[in-house]
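I have placed the structure first, in the form of structure tokens, so that the comments after it can refer back to it.
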Amino acid sequence: MGKKFLKAKCVINGLSITDLADMVNINKATFYRKMNDDSFTTKEARDIARVLSLDANEIMGIFFADDDA
């Protein structure tokens, strides 16, 4: 996942990762784990996209990025 991009979108929206986690009803520690493990569910990704007003390209960059490339 594009962790840096997700963090940047939070900053642009005036949110911390903790704020975002609260807004999508995920425990802060769980959110960080999911962010590091690329393990958000489809519903969680949809909720994050809604809160951050992500477009399709941003969603692909965050949730489907190949960080190993």
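State in Å² the accessible area per residue of the chain; use a 1.4 Å probe, count heavy atoms of protein chains only, and round to the nearest integer. Walk me through the numbers on the way to the answer.
Values: 4340 Å² over 69 residues.
On a per-residue basis, the chain sits at 63 Å².
Could you work out [θ]222 nm for the chain from helices alone, using -39500 (n - 2.57) per DSSP H run of at least four and dividing by all its residues? Round to the nearest 500 deg cm²/dmol. All intermediate terms of the calculation are to be shown ahead of the outcome.
Working: 5 runs with 46 residues, N = 69.
Per the formula, -19000 deg cm²/dmol.
Across the range 9-15, in residue order, what do the Karplus-derived ³J(HN,Hα) couplings come to in whole Hz, using 6.51 cos²θ - 1.76 cosθ + 1.60 with θ = phi - 60° and x for Gly and Pro?
5, 4, 4, 4, 8, x, 10
With charges set only on the Cβ (+1 for Lys and Arg, -1 for Asp and Glu), what does the dipole of the chain come to about its Cα centre, in debye to the nearest 20? Mind showing how you got there, number by number?
On the way: 10 positive and 11 negative charges, 45 e Å.
It comes to approximately 220 debye.
Among (i) 4.7; (ii) 5.7; (iii) 4.1, which is the computed mean projected area of the Cα convex hull in nm²?
(iii)
Could you tell me which of A45, I12, N27 has its Cα farthest along the dipole of the chain towards the positive end, charges placed at Cβ (Lys, Arg +1; Asp, Glu -1), taken about the Cα centre?
Farthest towards the positive end: N27.
Could I have the simple spin-label model distance between A56 and T18, label points 7 Å from Cα toward Cβ, reported in nm to one decimal?
Placing both labels 7 Å along Cα→Cβ, they lie 3.7 nm apart.
Which percent of the accessible area of the chain is formed by carbon and sulfur heavy atoms (probe 1.4 angstrom)? Intermediate results must be reported in sequence, preceding the final value.
On the way: 2230 of 4340 Å².
That share works out to 51 percent.
The values are calculated or read from the model by the stated rules, or taken from the named source; none is laboratory data. As the structure is a prediction and not an experimental result, all values here were calculated from the model. Backbone-built Cβ (ideal geometry, glycine too); neighbour counts: all protein chains shown. Calculation scope for accessible area: heavy atoms of the full protein, side chains included, ligands and nucleic acids excluded. Shrake-Rupley method; radii C 1.70, N 1.55, O 1.52, S 1.80 Å.
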